[in-house]
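The values are calculated or read from the model by the stated rules, or taken from the named source; none is laboratory data. Because the structure is predicted, anything quoted here is derived from the model rather than measured. For neighbour counting, all protein chains shown are included, and Cβ atoms are generated from backbone atoms with ideal geometry for every residue, glycine included. Ligands, DNA and RNA are stripped out before the accessible areas are found, and what is left, the full protein with its side chains, is counted by its heavy atoms. Shrake-Rupley method; radii C 1.70, N 1.55, O 1.52, S 1.80 Å.
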Amino acid sequence: MPELPEVEVVRRGLHEHVAGRTVAEVEVLHARAIRRHLPGAADFASRLAGRSMLAARRRGKYLWVELSDGDALLAHLGMSGQMLVQPPGAPDEKHLRVRVRFADGGPELRFVDQRTFGGLALAEVVEVDGAPLPLPVAHIARDPMDPAFDPDAAVAAMRRRRTDVKRALLDQTLVSGVGNIYADEALWRSRLHSLRPTAKLTRVKAAEVLAHATEVMREALGEGGTSFDALYVDVNGRSGYFDRSLNVYGQQHRPCRRCGTAIVREPFMNRSSYSCPRCQPRPRGAA
DNA sequence: CGATCGCCCTGTGTGC
DNA sequence: TGCACACAGGGCGATC
């Protein structure tokens, strides 16, 4: 479940290990991994070969590497995607989808993805609101780690929506980078139930939940991200430690760290929401 | 256009 | 032991 902090850890690793290197050869082992690259695997491989990789960038949960021709190698990790830096000759991972070999003969870049929700693509870079973005990312809002992130504008956009606060937090066109884990953690810190309507939140309360989302993601980044198993790892295959700090996510039946009430899990959008029923009372009238 | 819903995937865990 | 099914869930296309 890579969300902003986990993707940022991967971005830093890419920046450190691939920036400045020239691609020699690309191998696509599973077509679904490049399904967003509409011209197909052969086009993907031939256009990437010979390009140099420049800076690694990120917005929300998307990351990309600028290429020497002005385009970008765009990646989304989905649920289980990994970008690994491995020595040539290391055994192929079971779910290895794309391999990038470099002209210097050094470590390869490997895209590994068990559940195949993630993928790579080559994309044109366009300018949106003063920021260079790969075209498929143009509709994604700035994330709270972006120096140009405007909290007041994000609060206003959230309150304009006729929806529930958790849906708003997960909507990448309002604020990007927040997924199910950090949404639940931010709501717990804000003492808000996921079904509270955004339109009824005060400006102050909406700003508070956004600030909590930002804070929890910053703390997670400081711990190297959240990991429940070996699915989420940095480019060297190492896991983060923030799962030890989670207050509600995955904590059903455990006592709330504030009031001792048992944390509950409820179905939400075909997935789960975790909350404290006492600190985060369900709004009246909500189903 | 805003909001909602179903689908895309595979490995793991659980209950019968 | 083996089978069926729930679950993990981000993003996007279709639909109203």
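See the values below:
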{"read-out": "Cβ-defined net charge surrounding A:Pro283, 10 Å radius [Lys, Arg +1; Asp, Glu -1]", "value": "+3"}
{"read-out": "Highest-first arrangement of A:95-101, A:136-142, where packing means the average Cβ count within 10 Å", "value": "A:95-101, A:136-142"}
{"read-out": "Full-stretch length increase - A:Arg258, A:Arg284 - with 0.36 nm per residue and alpha-carbon distance subtracted", "value": "7.1 nm"}
{"read-out": "Global geometry of segment A:4-137, whether rounded, prolate or oblate, following the gyration tensor of its Cα atoms and the 1.5 cut on a/c", "value": "rounded"}
{"read-out": "Chain A, accessible area per residue, ligands and nucleic acids excluded (1.4 Å, Å²)", "value": "46 Å²"}
{"read-out": "Cβ-defined net charge surrounding A:Asp184, 12 Å radius [Lys, Arg +1; Asp, Glu -1]", "value": "+1"}
{"read-out": "Spin-label zone in segment A:33-53 - amide nitrogen under 12 Å from a point set 7 Å from the Cα of A:Thr116 along the C-beta vector", "value": "A:33-35"}
{"read-out": "Full-stretch length increase - A:Asp92, A:Asp129 - with 0.36 nm per residue and alpha-carbon distance subtracted", "value": "9.2 nm"}
{"read-out": "For chain A: relative contact order, % (alpha-carbon pairs under 8 angstrom, 6 or more apart)", "value": "18 percent"}
{"read-out": "Degrees separating the helix A:203-222 axis from the principal Cα axis of chain A, which is the longest one", "value": "40 degrees"}
{"read-out": "Packing rank of A:18-27, A:124-133, where each peptide gets the mean count of other beta carbons within 10 Å, highest leading", "value": "A:18-27, A:124-133"}
{"read-out": "Share of carbon and sulfur in the accessible heavy-atom surface of chain A [1.4 Å probe, %]", "value": "49 percent"}
{"read-out": "Rounded, prolate or oblate (a/c below 1.5 giving rounded, otherwise prolate when a/b exceeds b/c) for segment A:44-121 by Cα gyration tensor", "value": "oblate"}
{"read-out": "Rounded to whole Hz, the Karplus (6.51, -1.76, 1.60) HN-Hα couplings of segment A:247-254, x for glycine and proline", "value": "8, 10, 4, x, 10, 4, 6, 7"}
{"read-out": "Within-10-Å neighbourhood charge of A:Val112 [Cβ basis; K, R +1; D, E -1]", "value": "+1"}
{"read-out": "Three-way shape label, segment A:1-43, alpha-carbon gyration tensor, a/c 1.5", "value": "oblate"}
